[in-house]
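The values are calculated or read from the model by the stated rules, or taken from the named source; none is laboratory data. Computed from a predicted model, the values in this text were never measured in an experiment. Note that we place each Cβ from the backbone using ideal geometry, even for glycine, and neighbour counts take in every protein chain shown. Calculation scope for accessible area: heavy atoms of the full protein, side chains included, ligands and nucleic acids excluded. Shrake-Rupley method; radii C 1.70, N 1.55, O 1.52, S 1.80 Å.
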Amino acid sequence: MIKIAVMGYGTIGSGVVEVLEKNRDIIAKRAGDEITVKYILDLREFPGDPHEDILVHDYEIIRSDPEILAVVECMGGVEPAHTFAREAILAGKHFATSNKALIAEYGPELIALAQERNLNCLFEASVGGGIPIIRPLNSCLTADVIEEISGILNGTTNYMMTKMSEEGSEFDEVLKDAQQKGFAEADPTADIEGYDACRKIAILTSLICGNQVDYEDIPTQGISGITATDIRYATAMGRKIKLIASSYKTENGYCAFVAPVMLAPGNALHGVDGVFNAIFVKGNMLGDAMFYGSGAGKLPTASAVVADIVDIVRHKNVSITMQWSADKMVLEDARQLSCRYFVRTTSAKDRIGEAFGPVQYVSAEGITGETAFVTEEMDGFAFEERLAGLKGVRQWIRVN
Ligand code: HSE
């Protein structure tokens, strides 16, 4: 019998307990042993909860219990998750987490700490919720140089953009709905402003290059500036606006960004709607691959956490190798990447022509008092320079 502790009894933590109970037999078969939750750590009380008897408030009980093989962290946030993770590994326990903030910041430290002790630090659920992506990158795609990863990595914003575009709903209304459904972070700023997607692409980029990519170095723009007017133009163009997190291999390194992008129907991520996430991976031998599925929510995310627990039980005496050193990868300027840009301005067409040269004008029914256009393909430096020469700009969005 394997005994584990779950830290955090919120959406994901309670999901982990539920998955372990619902699928107890098949999980036991796959893990080769029965897995039972000995402790649930949470500061709150849960009167009447069927697991009230195993609820503890003191982390020390878990750390000092030699019966606990693995500690599963679903609390979110960096502290005290980081301290608890370190202490658990130092006490000889395997560690699994769904916490991208923790892994983006302390991934290499926790992985090294675990590997030095022949333990595992696994974090499949930290990116893409229930979609397998960490394990594929770490084991199935090790023969390739990964040239690009582009993904819809935040379910909340994708859900919001989809609802706004399909139903014409207002921003605040759809946000509330996403929060009620358990997709959004406790503070939804992390979703809306792209910080959540930024940490996830930092984790993926670190894994493909093998070094630490600091999320603070990734230029990040969220969806809070996207309006119903932008969505109407996108719809008129047959496109969809999505929050995209991308990472590209360049000649000398990598560059990454998070930003809203207007996607054409031919783009692999165009059809990814609602709370779904998808990650497009391009390998130099593999070519293109797509990973698609439930990127947020209680049971999908818990499913990935429990799969990590199963992997830990299968590898209780072996450390699964993971290349992610603490040496920093200095990212290149993402403005070197080229794309077309959608712009809305109150400037007249001759001024637009002077600033941008040939452009493609766009119109949407009922929108007057401004001009919208799509530029030719150019890098970010050229776009910034040209945009600075144009007055009355109301909006600009990358087009892909
Ligand atoms: N708030 C996140 C999202 C949860 O919406 O994708 C999963 O990481």
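Structure values in brief
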| quantity | calculated |
| --- | --- |
| Neighbours by Cβ (under 9 Å, 6+ apart or cross-chain): first from the range 261-276, acidic (Asp, Glu); second away from the ligand (no atom under 16 Å from the Cβ) | Asp273/Ser165; Asp273/Glu166; Asp273/Lys240 |
| Close pairs from the range 295-315: first within 16 Å of the ligand (Cβ to nearest atom) and in a loop (DSSP other than H, G, I, E, B), partner open to solvent by 40 Å² or more (accessible area, probe 1.4 Å) and among the basic types (Lys, Arg), Cβ under 9 Å, at least 6 apart | Ala296/Lys181; Gly297/Lys181 |
| Meets criteria (in contact with a strand residue (DSSP E or B) (Cβ under 7 Å, 6 or more places away or on another chain), buried (at least 16 other Cβ atoms within 10 Å of the Cβ) and at pLDDT 95 or above) for Asp327 | no |
| Qualifying residues in the range 226-247 (those that are in a helix (DSSP H, G or I) and at pLDDT 90 or above) - the one nearest to Val174 (Cα to Cα) | Ile231 |
| Which listed residue, of Ile4, Ile62, Ile27, is in contact (Cβ under 8 Å) with a residue 40 or more places away in the chain, outside any helix (DSSP H, G or I) and open to solvent by less than 30 Å² (accessible area, probe 1.4 Å) | Ile4 |
| Hits in the range 133-187 - residues which are more than 16 Å from the ligand (Cβ to nearest atom), touching a residue at least 24 places away in the same chain (Cβ under 8 Å) and assigned to a loop (DSSP other than H, G, I, E, B) | Leu141, Ala143, Asp144, Val145, Gly168, Glu170 |
| Test: residue in the range 203-215 that is within 12 Å of the chain's Cα centre (by Cα), more than 21 Å from Thr156 (Cβ to Cβ), among the hydroxyl-bearing types (Ser, Thr, Tyr) and outside any loop (DSSP other than H, G, I, E, B) | yes |
| Count of the range 101-125 residues which are within 16 Å of the ligand (Cβ to nearest atom) and among the polar types (S, T, N, Q) | 0 |
| Residues of the range 56-99 satisfying the condition of being aliphatic (A, V, I, L, M) and under 22 Å from Pro132 (Cα atoms) | Ala70, Val71, Val72, Met75, Ala96 |
| Which listed residue, of Phe291, Phe342, is under 16 Å from the mean Cα position of the chain (by Cα), more than 14 Å from the ligand (Cβ to nearest atom) and either closer than 28 Å to Ala234 by Cβ or assigned to a helix (DSSP H, G or I) (or both) | Phe291 |
| Close pairs (6 angstrom Cβ cut-off, 6 or more residues apart or separate chains): closer than 17 Å to Ile226 by Cα in the range 381-396, in a helix (DSSP H, G or I) anywhere | Gln395/Asp230 |
| Thr229 vs. criteria in contact (Cβ under 8 Å) with a residue 60 or more places away in the chain and either at positive phi or of a type in the set (Ser, Thr, Tyr) (or both) | yes |
| Residues being in contact with a Ser or Thr (Cβ under 9 Å, 6 or more places away or on another chain), under 24 Å from Ser126 (Cβ atoms) and among the acidic types (Asp, Glu) - total across the range 143-186 | 2 |
| All positions within the range 35-49 that are open to solvent by 30 Å² or more (accessible area, probe 1.4 Å) and either among the charged types (D, E, K, R) or touching a residue at least 12 places away in the same chain (Cβ under 8 Å) (or both) | Thr36, Lys38, Tyr39, Leu43, Arg44, Glu45, Phe46, Asp49 |
| So Asp217, is it away from the ligand (no atom under 16 Å from the Cβ), open to solvent by less than 10 Å² (accessible area, probe 1.4 Å) and either farther than 30 Å from Cys74 by Cα or touching a residue at least 12 places away in the same chain (Cβ under 8 Å) (or both) | no |
| Pairs with Cβ under 7 Å, 6+ apart, first in the range 198-212 and within 15 Å of Glu124 (Cβ to Cβ), second more than 16 Å from the ligand (Cβ to nearest atom) and open to solvent by 30 Å² or more (accessible area, probe 1.4 Å) | Leu207/Asn138 |
| Residues that are out of contact with any Asp or Glu (no Cβ under 6 Å at 6 or more places or on another chain), more than 23 Å from Ile226 (Cβ to Cβ) and open to solvent by less than 10 Å² (accessible area, probe 1.4 Å), drawn from the range 129-145 | Ile131, Ile133 |
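Each row is one residue, and each column tells you yes or no for (1) open to solvent by 20 Å² or more (accessible area, probe 1.4 Å); (2) in contact with a strand residue (DSSP E or B) (Cβ under 6 Å, 6 or more places away or on another chain).
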{"position": "Ile54", "(1), (2)": "yes, yes"}
{"position": "Asp58", "(1), (2)": "yes, no"}
{"position": "Gly92", "(1), (2)": "yes, no"}
{"position": "Ser98", "(1), (2)": "no, no"}
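Okay, residues lined up against (1) open to solvent by less than 10 Å² (accessible area, probe 1.4 Å); (2) among the β-branched types (Val, Ile, Thr):
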| residue | (1), (2) |
| --- | --- |
| Tyr159 | no, no |
| Gly168 | no, no |
| Glu173 | no, no |
| Gln179 | no, no |
| Ala197 | yes, no |
| Ile201 | yes, yes |
| Leu204 | yes, no |
| Leu207 | no, no |
| Gln212 | no, no |
